[in-house]
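See below for the structure under consideration.
The values are calculated or read from the model by the stated rules, or taken from the named source; none is laboratory data. Only a predicted model underlies this, so the values are computations on that prediction, with no experimental measurement involved. We place every Cβ from the backbone using ideal geometry, glycine too, and count neighbours over all the protein chains shown.
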Amino acid sequence: MELTVGVTPPRVMTIAGTDSGGGAGAAADLRTFAACGVHGCVAVTAVTVQNTVGVTGVHTIPPDTVAAQIVSVASDIGLDAVKTGMLATTDIIEAIVAACDQVGIGGDGVPLVVDPVAASMHGDPLLADSALDAYRDLLFPRALVATPNLDEVRLLAGVDVRDRDGQYEAARVLHAMGPRYVLVKGGHLKADADGCLDLLYDGSEFTELPGPRFDTENTHGGGDSMAASLAAFLARGASVPEAVGFAKRYMVQAVRRSYALGGGHGPVSSLWTVRPWWAEDSPIG
Ligand code: PXL
């Protein structure tokens, strides 16, 4: 009998909702984890009825079931990083925070990336308005990195970012809410016609991450994949600035290769790093 040769990769959990169209949420996160070489686990918070045109239904999971998924995985498999996506309600956030405190996720423990998902790119709500306080009071103080886009910045920090100065101001306001690092993503910044600059702030130093802007509407799941790849690189042992740099380079290629799907917004191509086994140069042959 032959010996198996599998090596256990770093373990990463996404706490997120599902998207029946497969573009965003847990599916995007798990694809990204696979592409970035980590073992992906998932605690589902909500099931969305969704295609590329919009979200027509949301069914939330009972908060104690969300918490139980986290505790079950952390106590057996173990986790090297965790990211959050769509969390839907205050009750679910409170249950997640209690579970994370119980098993040592966040703060000085397992690195926690908080992507404060509030709406789909069609503008359909994915978070109760009343849950914004739970992000500010409970999740941000436990986060190693928070990764808001500019719509989320407006909701959470009350800053309407229109230019680079606004991006800097938003980073300062959000950092004061407790995350060790804030990554203010510039994808929605209309003033940047040629580029897409993300801004990292650790409370004393700003790091600009410039990148190209692609002419595409197919960016569904882009924010999820960015935060998931960041969590994956943290799990692989990178520092936050290193992991953010890797994640940015990974995302540039994922957006460059984004594809049309259905009649609405297609997804970014999270699996671009995976070489097809049926390709001519495949090791399977
Ligand atoms: O991309 C944000 C996002 C996260 N999670 C779920 C979503 C979306 C966007 O539509 O549906 C489940």
Taking segment 4-18, which residues are closer than 17 Å to residue 76 by Cα and hydroxyl-bearing (Ser, Thr, Tyr)? 8, 14
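Looking only at segment 31-45, how many residues end up being without any contact (Cβ under 8 Å) to a residue 60 or more places away in the chain and either in contact with a Pro (Cβ under 8 Å, 6 or more places away or on another chain) or within 12 Å of the ligand (Cβ to nearest atom) (or both)? Talk me through it step by step, then tell me what you get.
Filtering segment 31-45 down to residues without any contact (Cβ under 8 Å) to a residue 60 or more places away in the chain leaves 39-45.
Restricting the remaining residues to those that are either in contact with a Pro (Cβ under 8 Å, 6 or more places away or on another chain) or within 12 Å of the ligand (Cβ to nearest atom) (or both) gives 39, 42, 44-45.
Within segment 31-45, residues that are without any contact (Cβ under 8 Å) to a residue 60 or more places away in the chain and either in contact with a Pro (Cβ under 8 Å, 6 or more places away or on another chain) or within 12 Å of the ligand (Cβ to nearest atom) (or both) number 4.
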For segment 181-191, check the following and say yes or no: at least one residue is of a type in the set (A, V, I, L, M, F, W, C) and at pLDDT below 95. yes
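In segment 239-262, how many residues are part of a loop (DSSP other than H, G, I, E, B) and of a type in the set (A, V, I, L, M, F, W, C)? Full working, then the answer.
The first filter runs over segment 239-262 and keeps only residues part of a loop (DSSP other than H, G, I, E, B), leaving 239, 257-262.
Retained after the next criterion (residues that are of a type in the set (A, V, I, L, M, F, W, C)): 260-261.
Within segment 239-262, residues that are part of a loop (DSSP other than H, G, I, E, B) and of a type in the set (A, V, I, L, M, F, W, C) number 2.
Looking at residue 32, is it over 17 Å from residue 115 (Cβ atoms) and of a type in the set (Ser, Thr, Tyr)?
Values: over 17 Å from residue 115 (Cβ atoms): no; of a type in the set (Ser, Thr, Tyr): yes.
The answer is no for residue 32.
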Could you please tell me which pairs satisfy a Cβ distance under 9 Å, a separation of 6+ or placement on different chains, a first residue in segment 5-18 that is free of Cβ contacts under 8 Å to residues at least 40 places away in the same chain, and a second residue that is within 16 Å of the ligand (Cβ to nearest atom) and in a loop (DSSP other than H, G, I, E, B)? 18/86
Take the residues in segment 89-128 that are over 23 Å from residue 187 (Cα atoms) and within 16 Å of the ligand (Cβ to nearest atom), then tell me which one is surrounded by the fewest Cβ atoms within 10 Å (Cβ to Cβ). 128
Give me a count of the residues in segment 57-84 that are surrounded by fewer than 18 Cβ atoms within 10 Å (Cβ to Cβ) and acidic (Asp, Glu). 2
Within the set of pairs 6 or more residues apart or between chains, which connect a residue that is part of a loop (DSSP other than H, G, I, E, B) inside segment 210-233 to a residue that is within 11 Å of the ligand (Cβ to nearest atom) and at pLDDT below 95 with Cβ atoms less than 8 Å apart? 219/121
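Sort through 210, 241 and tell me the only one that's at pLDDT 95 or above, within 16 Å of residue 168 (Cβ to Cβ) and either under 19 Å from the mean Cα position of the chain (by Cα) or more than 16 Å from the ligand (Cβ to nearest atom) (or both). Steps first, answer last, please.
Working: 241 fails: within 16 Å of residue 168 (Cβ to Cβ).
One residue alone meets the criteria, 210.
How about segment 228-243: which of its residues are surrounded by 24 or more Cβ atoms within 10 Å (Cβ to Cβ) and farther than 18 Å from residue 9 by Cα? Give the steps one after another, and end with the answer.
Restricting attention to segment 228-243, the residues satisfying the condition of being surrounded by 24 or more Cβ atoms within 10 Å (Cβ to Cβ) are 228-235, 243.
Within segment 228-243, no residue meets the criteria.
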